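The values are calculated or read from the model by the stated rules, or taken from the named source; none is laboratory data. Not measured: the values here are computed from a predicted model. We place every Cβ from the backbone using ideal geometry, glycine too, and count neighbours over all the protein chains shown. Side chains included, ligands, DNA and RNA excluded: accessible areas come from the protein's heavy atoms. Shrake-Rupley method; radii C 1.70, N 1.55, O 1.52, S 1.80 Å.
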Amino acid sequence: MSIAIMCSGGDSCGMNPAIKSFVDYSYEKGLEPYFIYDGFEGLIDNKIKKAQHKDVAGIIHLGGTIIKTSRSQRFFEKKYRQIAYENLQKHNITKLIVLGGDGSFRGLDVFSKEFDLSFVGVPATIDNDIYGSSYSLGVDTALNVIKDAIDQIRDTASSTKRAFVIETMGRDFGYLAAISAITSGAEICLISEVKIDFKSLEIRLKDELKQGREYIIAIVSEGTKQTNELSTWISNKLKIETRTIVLGHIQRGGNPSVFERLIANEFITYSIDKLLKSKTQAAVIYKNSKFKFVNIDSISNKKQKLDKQIIKQLEKIIK
């Protein structure tokens, strides 16, 4: 019996540990594992190769993905999905694991309904915006990368008595910014989900500056599209020299954390066990320290919400 794994969308740390677990556990279960390179584009172009233990030796500590990833416009067209299915048939692959986001899962859901295919979608996005799942592969490592960057920026902020506005990724979901602000002791956090009373914030920070505060750390989520506005506000209202730093794609890279490696292994073993039991088209989510399989329809086009406890802690910062 053949099974394949692929990555889709943006890369994230945790993908390589998941890929290693996929190969090791597949052989343990008597399966023939295959890699699909370059995501859906590779599936269409028949970039499918049988995986061996030697392919995954020494990759568990690497960020990114050794089998690459992509976003595919061609996969939206039925004729290319037909080609993709024929490529799977050539290798007798009827079971598939995809590491990606809900857009990738929706694409596979359509694909599996058209053709004889079972699949499990594993959340892998640093945005952590898969509805219903409290964790996605890549999040813990991304948070640690951000933490290290903020700690280093704080060194120069305190030395030069400046304010630094630091933009994190997160698209339309402010999780990375919120958690980073709470755990780094930031003075300001700007995300779409929580409204800031700027007048109250101005009064508080002016008072703190009078009392001896020498620098300010502000975290802003890219989804707000207000990074430059916040920088200007701090400079004009608080009369402190301000610098803006966009962390960008460094948040996707780095050495996968211990938690990342552990949960990647769990995601994969649960997924393979599920595929061996029955035909399925589902996503596996992680919530309340447990793994659960859900229908794609139950998470598609639904917006993930910040946990109330996170918002409660964040409000202490922005008031």
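Within segment 210-223, the residues that satisfy the criterion of being touching a helix residue (DSSP H, G or I) at 6+ places or on another chain (Cβ under 8 Å) and surrounded by 15 or more Cβ atoms within 10 Å (Cβ to Cβ) are 213, 215, 216, 217, 218, 219, 220, 221.
For segment 194-203, the criterion of being touching a residue at least 24 places away in the same chain (Cβ under 8 Å), farther than 24 Å from residue 250 by Cα and assigned to a strand (DSSP E or B) is satisfied by at least one residue.
Within segment 297-319, residues that are touching a residue at least 60 places away in the same chain (Cβ under 8 Å) and closer than 16 Å to residue 101 by Cβ reach partners that are open to solvent by 40 Å² or more (accessible area, probe 1.4 Å) and not in a helix (DSSP H, G or I) with beta carbons closer than 7 Å, at six or more positions or on different chains, in the pairs 299/131; 302/131; 303/131; 304/131.
The set of residues in segment 1-34 being aromatic (Phe, Trp, Tyr) and open to solvent by less than 10 Å² (accessible area, probe 1.4 Å) consists of 22 alone.
Candidates are the residues of segment 133-148 that are in contact with a helix residue (DSSP H, G or I) (Cβ under 7 Å, 6 or more places away or on another chain) and open to solvent by 10 Å² or more (accessible area, probe 1.4 Å); the one that is nearest to residue 209 (Cα to Cα) is 147. Residue count for segment 32-60 under the criterion of being closer than 25 Å to residue 263 by Cβ, in contact with a Lys or Arg (Cβ under 8 Å, 6 or more places away or on another chain) and hydrophobic (A, V, I, L, M, F, W, C): the result is 6. When each of 149, 157 is tested for being over 15 Å from residue 304 (Cβ atoms) and under 21 Å from the mean Cα position of the chain (by Cα), the lone residue that passes is 149.
The set of residues in segment 247-293 being open to solvent by less than 70 Å² (accessible area, probe 1.4 Å) and touching an Asp or Glu at 6+ places or on another chain (Cβ under 7 Å) consists of 247, 252, 257, 260, 281, 291.
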